[in-house]
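*Asks:* Can you read through this structure? Questions will come right after.
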Amino acid sequence: MSRQRKKNKGAENSPPAQNPFGALSELEGLPEGEISPPRPTSRRDRKNTNRGRLDITRETAHRGGKVVTVVSNFKGIGLPEKQALAKSIQKSCGVGGTVKDGRIEIRGDLRDKVKEILEEAGFNPVFAGG
């Protein structure tokens, strides 16, 4: 069995409720409000400034004592974009490097310079490890 709700038949023909702000238009001496420009709703035309956190570490293990700067913890970034990012880091630092196992490895201890480049690309780089 279904229950039927009682309808208020008087509410259908009643006039709309009184406007609570109607009396404000009659008052004098109120300050004029400022109309702010509309905020953009789409982010497509702006550069992405929060692409995720990246860890920057310095490693020497299994490299004969040579120092390598490693950038890891990429999320949502494909291999071609990592390779392009590695290429730009190599050119700006003037050193070699590679992309292995989803990590970017740059020859030498260049953590500060790599951090600046990644910040310009919209990432949030963090120094990890010792």
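Every residue, every condition in (1) without any contact (Cβ under 8 Å) to a residue 12 or more places away in the chain; (2) at positive phi; (3) in a loop (DSSP other than H, G, I, E, B), yes or no:
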| position | (1), (2), (3) |
| --- | --- |
| Gln18 | yes, no, yes |
| Ala23 | yes, no, no |
| Ile56 | no, no, no |
| Lys66 | no, no, yes |
| Glu81 | yes, no, no |
| Lys87 | yes, no, no |
| Lys91 | yes, no, no |
| Ile104 | no, no, no |
| Gly122 | no, yes, yes |
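*Asks:* From Ala17, Ala84, Ala23, Ala11, which residue is over 19 Å from the mean Cα position of the chain (by Cα) and at pLDDT 80 or above?
*Replies:* Working: Ala17 fails: at pLDDT 80 or above; Ala23 fails: at pLDDT 80 or above; Ala11 fails: at pLDDT 80 or above.
So the residue among Ala17, Ala84, Ala23, Ala11 that is over 19 Å from the mean Cα position of the chain (by Cα) and at pLDDT 80 or above is Ala84.
*Asks:* Considering each residue of segment 65-115, count those that are of a type outside the set (Val, Ile, Thr), in contact with an Asp or Glu (Cβ under 7 Å, 6 or more places away or on another chain) and surrounded by fewer than 18 Cβ atoms within 10 Å (Cβ to Cβ), and give that number.
*Replies:* The initial filter retains those residues of segment 65-115 that are of a type outside the set (Val, Ile, Thr), namely 65-66, 72-76, 78-88, 90-94, 96-97, 100-103, 105, 107-113, 115.
Imposing the further condition that a residue be in contact with an Asp or Glu (Cβ under 7 Å, 6 or more places away or on another chain) reduces the set to 72-73, 97.
Okay, now just the ones that are also surrounded by fewer than 18 Cβ atoms within 10 Å (Cβ to Cβ), so 72-73.
Residues meeting the conditions: 2.
*Asks:* Another question, then. I'm trying to understand the selection: among the residues of segment 106-120, which are assigned to a helix (DSSP H, G or I), of a type outside the set (A, V, I, L, M) and out of contact with any Cys (no Cβ under 7 Å at 6 or more places or on another chain)? Write out each step before concluding.
*Replies:* Our first condition is that a residue be assigned to a helix (DSSP H, G or I); within segment 106-120, this holds for 111-120.
Going one step further and asking which of them are of a type outside the set (A, V, I, L, M), we end up with 111-113, 115-116, 119-120.
Residues satisfying the conditions are Arg111, Asp112, Lys115, Glu116, Glu119, Glu120.
*Asks:* Oh, and also: Within segment 93-102, restricting attention to residues that are in contact (Cβ under 8 Å) with a residue 12 or more places away in the chain and assigned to a loop (DSSP other than H, G, I, E, B), which residue is nearest to Leu54 (Cα to Cα)?
*Replies:* Top of the filtered list is Gly102.
The values are calculated or read from the model by the stated rules, or taken from the named source; none is laboratory data. Remember, predicted model here, so these are calculated numbers, not experimental data. Note: ideal-geometry Cβ built from the backbone for every residue, glycine included; neighbour counts use all protein chains shown.
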